[in-house]
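All remarks here apply to the structure that follows.
The values are calculated or read from the model by the stated rules, or taken from the named source; none is laboratory data. Quick caveat: nothing in here was measured; it's all calculated off a predicted structure. Positions of Cβ are backbone-derived with ideal geometry, glycine not excepted, and every protein chain shown enters the neighbour counts. Areas reflect the complete protein model, heavy atoms only, side chains present, ligands, DNA and RNA absent. Shrake-Rupley method; radii C 1.70, N 1.55, O 1.52, S 1.80 Å.
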Amino acid sequence: MTRRAVCPGSFDPVTHGHLDVIGRTAMLANEVIVAVGTNMAKNGLFRADERVAMLQEACQSWENVSVMIFDGLLVDFCRAHSADVISKGVRAAAFAYEIQMAQMNRRLTGVDTVFLPTAPEWAFVSSSLVREVATLGGDVTAFLPPAVAEQTVARVAAKLRGGSSSGHNL
Ligand code: PNS
């Protein structure tokens, strides 16, 4: 399909749904860059460097996948790394917003977006719901890689105690 694809997101934290999309993109593209950004509309749980470390561990079995932080516009990151396309998983509930971003990105620099329909088993999973469920004491281990689940539970507990090292709020 393409030479170099970018899978962008905040990945706060990375879920099985994200990893499904990254893995499928890795089969379609020669090279995949997972671009870890910050969604200004969302309150974060993990710092960007923590999210990168979790993604690097979770993606280590895919040899053509690398993980980088980006700030500023996603389209500028794509241009700087000669990426041909943005690849995103899309849930029905978020489709309108995703289309809007894809159209804006294409208008800005011409970079196009391909959407992969989220795998049905992860269609209801999002990082923000995971953060909410974990904060309210629910079990999130089914939705996250084991190491990520462990860190998420620990970070939520630290935040609830008021002693987190991260500067973010839930
Ligand atoms: O996982 P998310 O929260 O859906 O990720 C959203 C993200 C970080 C990919 C998006 O907010 C983004 O691309 N931010 C970079 C700033 C930018 O390019 N804004 C214009 C979008 S049209």
Surface/4 estimate of mean projected area, convex hull on alpha-carbon atoms of the chain, nm²: 9.3
Dipole moment magnitude, nearest 20 debye, the stretch 1-93 about Cα centre, only Lys, Arg, Asp, Glu C-beta charged: 280
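In a shell of Cβ-Cβ distance under 13 Å around E121, excluding E121 itself, what net charge do Lys and Arg (+1) and Asp and Glu (-1) give?
Numbers: positive: R91; negative: D20.
Here the count lands on 0.
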Residue-span extension gain [L129 to M27] - 0.36 nm each, minus C-alpha spacing: 33.9 nm
Given charges at beta-carbon only (K, R positive; D, E negative), |dipole| of the chain in Debye: 360
For the stretch 68-145: relative contact order, % (alpha-carbon pairs under 8 angstrom, 6 or more apart): 28
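Where in the chain are the helices, taken as whole DSSP H runs, whose Cα atoms extend 24 angstrom or more along the long axis and whose Kyte-Doolittle mean reaches at least 0.0?
none
Hey, if we sort D76, D12 by accessible area with the 1.4 Å probe, largest down, what's the order? Walk me through the numbers on the way to the answer.
Numbers: D76 70, D12 10 Å².
Heavy-atom accessible area, descending, gives D76, D12.
What's the FRET efficiency of A41 with N64 using the Cβ-Cβ distance as r and R₀ = 35 Å, to the nearest 0.05? Before the final figure, lay out the partial values.
Values: r = 31 Å, r/R0 = 0.88.
Efficiency, rounded to the nearest 0.05: 0.70.
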Fraction of accessible area attributable to carbon and sulfur, the chain (%, probe 1.4 Å): 54
Mean residue ellipticity (222 nm) of the chain, computed from DSSP H runs ≥ 4 via -39,500 (n - 2.57), nearest 500: -13000 deg cm²/dmol
Under 5 Å, built H, 5+ apart or other chain: amide partners of G37: G9, S10, F70
Exposure of S128 as accessible area (Å², to 10), given a probe of 1.4 Å and all protein chains: 50
Virtual spin-label span in nm between A93 and A158, 7 Å along Cα→Cβ: 2.8
